[in-house]
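Data block below; observations after.
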Amino acid sequence: MAGQVRSFAAGGQTQDLRPCGQDAADAIGAMKRLMDERLSLMTEVARQKWNTKGAIEDLLREKEIVDGLKVEAAELGLSEVWAERFFRAQIEAGKVIQRECFVNWGQAGVDQFGNALDLARVIRPRLDQINSQLLRVLVLGWPVLADPTQCSHVAATTESLLAVHGELVATLAVVALREVETS
Ligand SMILES: C=C(O[C@@H]1C=C(C(=O)O)C=C[C@H]1O)C(=O)O
C-alpha cells in the first residue's frame, strides 16, 4: 500500500506522500486527535437532536458521507473498501455515544438544551472537515499502521479513546485500524 501512495493534490499543489518515519508518527498523533474530536462532537449532535426530537440515525447522510469518502480515498491511493470499514466504524461508535446521551437525559428528565449548536450549519460541516482530514492522516500514517512491529500505536490510540469515551466506543472506533496489516 505504502508503495502505491505517491502524491495527491492539495490546495492546487502536488505533495509527496512517501512517508519518512517522523511524518508517519506525527500522522498517527493527528489521527488520534481527529478520531477523538469526531467522537466528542457526538454529544453536541445529540443535544441538537434531543431539542428537535430528531432521529439519531440518518442513513441517507451516512451514505453520502461514505460514498464521498470512498471517492476521496481512491484519489489518495487508499483502499476504498478499507476506508468504508474505517468510517462506518466511526459512525457506529458515534451513534453509540448519542444513544447513551439520550438514555442519560431521559433518565435525568432533561427537557431542552438552551445552547445547542446548529447541526446543519455548524456540526456537520466540521464533521465533514474532520472526515477529509482523517483520510489524509490515515494515508500518511499507513506505514506505521501496517507495520506489525509498531502495533503499540493502535493500542495507544485505543487506550486514549477508552479513557474519554469508554470501552465499547473505543473498541468499535479502532476495529479497522487492527485490520490495516491485512488490507
Ligand atoms: C452525526 C450524526 O448522527 C449519525 C452519525 C453520523 C456520523 O457519524 O457521521 C451520520 C449520520 C447519523 O446516522 C448526524 O446525524 O450528523
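The values are calculated or read from the model by the stated rules, or taken from the named source; none is laboratory data. Predicted model only: the values in this text are computed from it and were never measured. Note that each Cβ is placed from the backbone with ideal geometry, even for glycine, and that neighbours are counted across all protein chains shown.
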Considering every residue within segment 14-33, establish whether at least one is of a type in the set (D, E, K, R) and modelled with pLDDT of 95 or more.
yes
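Working only within segment 45-57, note down all residues that are crowded, with 20+ Cβ neighbours inside 10 Å and more than 8 Å from the ligand (Cβ to nearest atom). Break it down into steps so the answer makes sense when it comes.
Of the residues in segment 45-57, the ones crowded, with 20+ Cβ neighbours inside 10 Å are 45-47, 50.
Correct list: Ala46, Arg47, Trp50.
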What pairs come out if I take residues in segment 131-154 that are without any contact (Cβ under 8 Å) to a residue 60 or more places away in the chain and pair them with residues that are acidic (Asp, Glu) and assigned to a helix (DSSP H, G or I) whose C-beta lies under 7 Å away, six or more apart or interchain?
Pro148/Glu181
Positions within segment 111-149 being surrounded by fewer than 14 Cβ atoms within 10 Å (Cβ to Cβ) and more than 16 Å from the ligand (Cβ to nearest atom), in sequence order:
Asp111, Gln112, Gly114, Asn115, Pro148, Thr149
